[in-house]
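> Shown below is the structure under consideration.
The values are calculated or read from the model by the stated rules, or taken from the named source; none is laboratory data. Predicted model, so just to flag it, every value in this text is computed and none were measured. Here the Cβ positions follow ideal geometry from the backbone for every residue, glycine too, while neighbour counts run over all protein chains shown.
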Amino acid sequence: MSGGETGWGPGRRAVVGLARGVAMGAADVVPGVSGGTIAVVLGIYERLVDAIRGASAAAGRLLRGDWRGCGQRLAGVDWWLVVPLLAGILATIVLLASVIETLLEEHPETMAGLFCGLVAASAVSACRLFEWRGGDRLTLMVASAVGTFALLGLQSGPVADPSLLVLAAAGAVAVCAMILPGISGAFLLLMLGMYGAVINVVTDLRYIDAAVFLAGAAVGLALFSTVLGRLLDRARNPVMAVMVGLMAGSLRVLWPWPNGVGVISRDENEIISGTGLDWPAAGEWLWPTVAAVVGFAAVLIITRLSRKTEPGRA
């Protein structure tokens, strides 16, 4: 637990954790915005990865029949972070899935401008979390940004009726992206042609399909968080440099013109790409630009407030 939170009561910790989960859940359901980015801005990213690693290790001990080891691992998990965070994420995904989908379809350019400002400011803010100066780290940032920019130009046609196995695999792949700053799990689903199918699972309350997707996500999260946690332990500065590059490169899919953030029409199952790059026509730039400035300023304000919860800033 960060130094600024040690004096908080259970109620305050739960409310703050729930609010963090709401922010991350709203980000995860949007193609192009990563919940991991929000975790970085809120200053909880490494705590979150450590908590996931601990829970995964406990599950591994349980599968081996080591009940005592499982209990020890579970006791070390920061549940005051995990439980409210998870509740906020799940509730927000369920409640906002259709709302976000509608906004993306009806106001794609303005929404893209907002998200562009959010992610750009997040990349800037993330630089304060590690020592980014140095030729090797700058090279990693640039290479990561260029690679992500190129990758996000790829996409697949929508999958109309995926099997349960495909849903599980999609969950495993998407959840890895959801905890990486800059790589959106929702947009990765879009690239794989699975975004519309997964949104339909949520909005239509198809419980079996949802359970299979979540099971795949749990397996992927357990494996990936362990690898990511070890990388952060051994080479924090280079890994964070790559993450900042991921955020910068992801701005490709958030460029408002010509179509804004990539979305899928539920009625026509038609993909509308936001990866094309163009300049706005006269009169089209105002609201996306205003939204981008608002998003950029909001992240800087959140980042400034989050510093009060860091060690030595309470």
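> Considering only residues of segment 253-308 that are at pLDDT 75 or above and of a type in the set (Gly, Ala, Ser), which is surrounded by the fewest Cβ atoms within 10 Å (Cβ to Cβ)?
ALA282
Matching residues to (1) surrounded by 16 or more Cβ atoms within 10 Å (Cβ to Cβ); (2) modelled with pLDDT under 85; (3) among the small types (Gly, Ala, Ser):
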site	(1), (2), (3)
LEU90	no, yes, no
VAL94	no, yes, no
GLU105	yes, yes, no
PRO108	yes, yes, no
GLY113	yes, no, yes
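> Looking at segment 131-154, which of its residues are buried (at least 16 other Cβ atoms within 10 Å of the Cβ) and more than 30 Å from TRP285 (Cβ to Cβ)?
Result: TRP132, ARG137, LEU140.
> Going through segment 87-110 one residue at a time, which ones are farther than 27 Å from ALA217 by Cα and either part of a helix (DSSP H, G or I) or hydroxyl-bearing (Ser, Thr, Tyr) (or both)?
To start, the set of residues in segment 87-110 that are farther than 27 Å from ALA217 by Cα comprises 106-110.
Answer for segment 87-110, where residues must be farther than 27 Å from ALA217 by Cα and either part of a helix (DSSP H, G or I) or hydroxyl-bearing (Ser, Thr, Tyr) (or both): GLU106, PRO108, GLU109, THR110.
> Does VAL41 satisfy the condition of being of a type in the set (Val, Ile, Thr), within 22 Å of ALA222 (Cα to Cα) and either surrounded by 20 or more Cβ atoms within 10 Å (Cβ to Cβ) or modelled with pLDDT under 80 (or both)?
Numbers: of a type in the set (Val, Ile, Thr): yes; within 22 Å of ALA222 (Cα to Cα): no; either surrounded by 20 or more Cβ atoms within 10 Å (Cβ to Cβ) or modelled with pLDDT under 80 (or both): yes.
Taking the combined requirement at face value, the residue does not satisfy it.
> How many of the residues making up segment 162-218 are modelled with pLDDT of 85 or more, of a type in the set (Val, Ile, Thr) and over 27 Å from VAL49 (Cβ atoms)?
The number of residues fulfilling the criteria is 2.
> If a residue must be under 22 Å from LEU246 (Cβ atoms), β-branched (Val, Ile, Thr) and not in a loop (DSSP other than H, G, I, E, B), how many such residues does segment 36-82 contain? Before you say what the answer is, go through the steps one by one.
Taking segment 36-82 as the starting set, the residues that turn out to be under 22 Å from LEU246 (Cβ atoms) are 36-53.
Subsequent filtering for residues that are β-branched (Val, Ile, Thr) retains 37-38, 40-41, 44, 49, 52.
Next cut, not in a loop (DSSP other than H, G, I, E, B) only: 37-38, 40-41, 49, 52.
Final tally of qualifying residues: 6.
> Still on this model: Given (1) more than 25 Å from LEU189 (Cβ to Cβ); (2) at pLDDT below 75; (3) not in a loop (DSSP other than H, G, I, E, B); (4) not hydrophobic (A, V, I, L, M, F, W, C), where does GLY7 come up short, assuming only one miss?
(3)
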